[in-house]
Each structure stands twice: as structure tokens, then as C-alpha cells.
Amino acid sequence: MKLYIGQEIEEEDDVYIDASSARSILACGKRGTGKSYTLGNVVEEIHTETNDVVPLVIDPMGIYWTMAEENDDQRDLLWDWGVTEQGFPVNLLVPGDPEDRYGDDIVREFRSRGIDLNPLLLNPSDMSPDGWCDLFDLNINKPMGITLYRAIRELNEDDTPFYLPDIINKVEMDGSSSDRTKEALLNRLEMARDWDIFAGEYQDVWTTFDENRINVLDVSVLDPGQYGLRNLVVDVLGKELFRQRQDARRREEMGLRVEIPKVWLFIDEAHNFVPSGSSSLAKDMLIRWVKEGRQPGLSIVVASQQPSAIDSEVLSQCDITLCHKITTKEDIRSLDKLSQDYMGSNLKTYVRQIDNVGEAVFVDDDEETVQMVKIRPRKSQHGGGEA
């Protein structure tokens, strides 16, 4: 399976990504040079060229729903490339209730454009005791952290799904904690109820996905922050997908029937989820995805304007780099650490050769090749332009 991404600049040979196995890809470049555009390109190719893969886009800017629209703005350019403009079927996943997040008129407009909207709700029982404490920034050695950790741990012992009212009840019945501690903790749990992202009955994540559409998780409707709801949603969702694909892979190896497809996870503005030099709710999960995802069939594409702001454990595990124009010294230094002997020159030497928007250095560690590439035009509408 090959993904067409563009042409080599000098020879004009077609350039492909080999996607016959799981890949970890970095797409980077300063604002306006094409990194989000390139990410969308790979999404289009995954949807078009695969039958057993679900593309999932983590969208912190609310721009990828436009993939449902044809790229009429670049019709002539597309024809020059021998490509036709095309809108793709989009399944827009919304943390919480779509009407509450967008408003009725926006929801109607989405649906009139053929975009399927589905709420994505988290199962409280899918979160670990540590995860719950991290969510509220509670120290597990302090009274509130101890109380919450104990409540989640005891609920987990029943090995059945539990929900926010169950956690609240468990805290209220805790005879080892002071009333003051319980009241403070209950206030936080009531606040969590108001977030409208937790399920009231168990939700299997696969019931919200559509294997025949591009699945876009719009986290722009949530507040940002390393310990905010965006990271929480990505963490819980990623862990559940990883767990289910591990189970599916065991069945595949035994020749048993599998209903869980492989996943390509796309994360724009990835430095907000795997930051360098600091933690986030989703960081450990995403590092594990990059390091261990190949065996269960989990691929990842991370995109950022600031590659230096992405944790080095992620950067070092990417086997493909698509680097657009980078100018800041810190970002160039972080990328240059990815240079390999087979490249003949440091990566920064190639980056300095980039002259135009849409051009990139394409490094493939598996093939041990480096090429200067012009990225093909998008078939669908790009939503990342300035207002």
C-alpha cells in the first residue's frame, strides 16, 4: 500500500509513503509553509487507498471538517497534477452534545453538507486512579488525592463499568476521610459533571467511529491546557484504542476473526499533547503509541509548527519526517538531531534548500532515503488558511 504525497522537485518523479506496515510520521514547518496541508494530504490517501484502516484526526483548531468540501479553489492546479477535486465523507466526533457545543444552526449546516455528527463521551471507568488524580492535579499523598485514588481503586475491584454518580457516592461514604476533604473533592466531581463529556452508560468507542468515513475529533470545543479536557479526551480514547487493537492483534496471530480495524492517528499541534520538558495527561499514552504501536497496527502522524516543543522520545521514534521551511534556531537544532549517516548531510542543510511554500524534505528511515519534494495539491478543501 503506497500513499502518493507529491513529486521529487528536480526529477519530478512521483513520491510515495510505503504504508504496508504501521508508520510514525513527523510533519513540521513554520506557520503557513504547509504542515497542516500535508497532514490532510496523508489523511486523504489513507481514506482512499486502504480498506482495513480507520483514520482518526485529532483537531485542536476545528479545521478538518472542511475535508467534506471539494478543493474548488485549486481546481486548475489539481488538473495540472492529473488529480480531480473531491470532498470526502466526514464523521465529526464532538466531545459532549453537538448542539450544546456548536449551536443548532451550525449543526444543521454541518448535516446539510453531508457531515455526520456524533457525540463522543468518555467512560469514567476507563480512567485509572492516577488519571483521575492527575485530572484534578491532586497529589496522591495528600488527603484529597488519597480519597479519590481509594474511591476509584475500590470501584475498579468490582470489574464492572462505573460512572460519575458512583464515584460521588463512594467519596460520600468514605469513612476514612474528613468532611472537609470530602466536600472539596465532591465540588470537583460536580464540576466534572458539568463538563458534559462523561457517559451515563457504557459507550464502546467503536460505535462512534465510521470505518467508511474520515473520523475527525474536534477538540477545539474544549479548553486547552496540558491538564485540560483536550488532553483528557485524547488520553482516554488513545488508551482504549490501544487496548482493543492489542486484543485484536492476538486474534489475528491465531487466525481468528477480527472486527477491530487498524488505526492511523493524526494529531495537529502535537506539541500541546506531547510537550518537551513538561507533562500532560496524554503524553505517556502517546509516547507508548509511538514506541509500541507498530505491533498492534497503530500508526501516528504528528504535526507541529514547533518541532522543538515536541518531546524527544516522540521525535526519535518517527521513521518518516516531512519537514517544511523552519527558521528558528531551536527548531532547527531539534530536527538536526534526527540526521542519519545515510543522508550525506545534516538535515538542516536540506531544510535551507527549501524555497517555496508546499516544498518539504522527505526523510524515510526505513528506506534510508532523503528527497526534496513538492507536496501534491489537496483534493479536499484546506481549512487552515487565515481569515
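Since every read-out is calculated from the coordinates, none of them should be taken as a lab result. The structure presented is a predicted model; accordingly, all values stated were derived computationally and were not measured. Note that we place each Cβ from the backbone using ideal geometry, even for glycine, and neighbour counts take in every protein chain shown.
A few comments on the model shown:
- Difference of contour (0.36 nm per residue) and Cα-Cα distance, residue 13 to residue 368: 126.1 nm
- Two tests apply to each whole DSSP H helix in the chain, Cα reach of 18 Å or more along its axis and mean Kyte-Doolittle hydropathy of at least -0.5, and the ones passing both are 143-156.
- Positive dipole terminus of the chain, leading residue within 79, 264, 321 (C-beta point charges): 321
- Computed from point charges on the beta carbon alone (+1 for Lys and Arg, -1 for Asp and Glu), the dipole magnitude for the chain about its Cα centre is near 900 Debye.
- Between the amide H of residue 325 and those of 30, distances stay under 5 Å, these residues lying 5 or more places away or on another chain, with hydrogens modeled in the peptide plane.
- Placing a pseudo-label 7 Å from each Cα along the Cα-to-Cβ vector at residue 276 and residue 49 gives an inter-label distance of 3.0 nm.
- Anisotropy class of the chain from Cα gyration tensor, a/c 1.5 cut: prolate
- Neighbour counts of C-beta atoms inside 10 Å place 318, 28 in the sequence 318, 28, starting with the fewest.
- Relative contact order [Cα under 8 Å, 6+ residues apart], the chain, whole percent: 29 percent
- Cleavage-rule hits (GluC sites (Glu not before Pro)) in the stretch 255-359: DSSP loop, at most 14 neighbouring Cβ within 10 angstrom: 259
- Residues 378, 153 arranged by fewest to most Cβ contacts within 10 Å: 153, 378
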